[in-house]
Amino acid sequence: GDFTLHLDLSTGDSCSDPVPILVGDQNGLTEHALGSTTGKTDDAVGSCSSSIGSVNPDVVYAVTRMATGTVTENTTAMNGLNSVTFARSTCTSASPELGCSNPLTSNNSNVTLSNVGSTPVYLFVDSSGGQAGGYNLSFHP
């Protein structure tokens with residue numbers, strides 16, 4: 001049958017070019033995205049980052065939801081990346097920060113976001129120790 005393909009070429013390298021993520025509400029299905037901080041710049045630091053002051057490349061996502069509700073985001077790091085994930089209501093301002101995750105005993109991180117709707121919430125996938133690498137994001141409505 002017919003279908004519509006939407007292609008977005010956003011790089012996620014800065015707040016002026018975030019990667020859009022639309023979390024659906026169909027039967028609680030999980031949305032997935034693969035990404036990498038390799039070759040990206042260090043634009044932001046979360047409050048829970050253990051390596052403030054070092055250069056840690058990050059990728060920014062603009063997360064919206066079809067109907068207002070909670071979204072739980074999980075980052076599964078690959079290739080030894082120690083992921084740090086944080087979210088903001090305004091991309092270019094550190095305050096207010098909506099959540100920050102930097103688990104010291106795991107390379108994976110997660111953030112639960114409340115009241116996500118049509119106004120974007122900005123999610124940053126960062127790292128610690130100057131590392132760069134790949135990750136898999138999953139968004140659960």
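The values are calculated or read from the model by the stated rules, or taken from the named source; none is laboratory data. Please read these numbers as outputs of a predicted model, since none were measured by experiment. Please note: Cβ atoms are built from the backbone with ideal geometry, for glycine as well, and neighbour counts cover all protein chains shown. We work out accessible area using only protein heavy atoms, side chains counted, and drop any ligands, DNA or RNA first. Shrake-Rupley method; radii C 1.70, N 1.55, O 1.52, S 1.80 Å.
May I ask you to derive the relative contact order of the chain, considering only C-alpha pairs under 8 Å and at least 6 residues apart, and to give it as an integer percent? The partial results should precede the final answer.
Details: 371 pairs, mean separation 47.9, N = 141.
Reported relative contact order: 34 percent.
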> Tell me, what ³J(HN,Hα) does each residue in the range 67-72 have, in order and in whole Hz, if you take phi through Karplus 6.51 cos²θ - 1.76 cosθ + 1.60 with θ = phi - 60° and put x for Gly and Pro?
Replying inline: 9, 4, x, 8, 10, 9
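How many percent of the accessible area of the chain is carbon or sulfur, using a 1.4 Å probe?
Values: 3660 of 7200 Å².
C and S atoms contribute 51 percent here.
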>> Can you order the peptides 89-102, 115-128, 11-24 by their average number of other Cβ atoms within 10 Å per residue, highest first?
In response: 115-128, 11-24, 89-102
> Points 7 angstrom from Cα along the Cβ direction at T112 and T92: gap in nanometres?
Replying inline: 3.3
> Got a sec to turn the phi values of the range 126-141 into Karplus ³J(HN,Hα) couplings, 6.51 cos²θ - 1.76 cosθ + 1.60 with θ = phi - 60°, whole Hz, x for Gly and Pro?
Replying inline: 10, 9, 10, x, x, 6, 9, x, x, 7, 10, 9, 10, 10, 10, x
> Tell me, what is the per residue accessible area of the chain in Å², probe radius 1.4 Å?
Replying inline: 51
> Label M66 and S138 with points 7 Å out from Cα along Cα→Cβ: what is the distance between them in nm?
Replying inline: 2.0
> Label-point separation (nm) for L34 and L104, each offset 7 Å from Cα along Cα-to-Cβ?
Replying inline: 3.3
> Given (1) 20, 19, 15; (2) 26, 24, 15; (3) 24, 16, 15, which label gives semi-axes √(5λ) of the Cα gyration tensor in Å as computed from the coordinates?
Replying inline: (3)
>> Over 16 Å apart: what share of the alpha carbon pairs of the range 82-133 falls there, rounded to a whole percent?
In response: 43
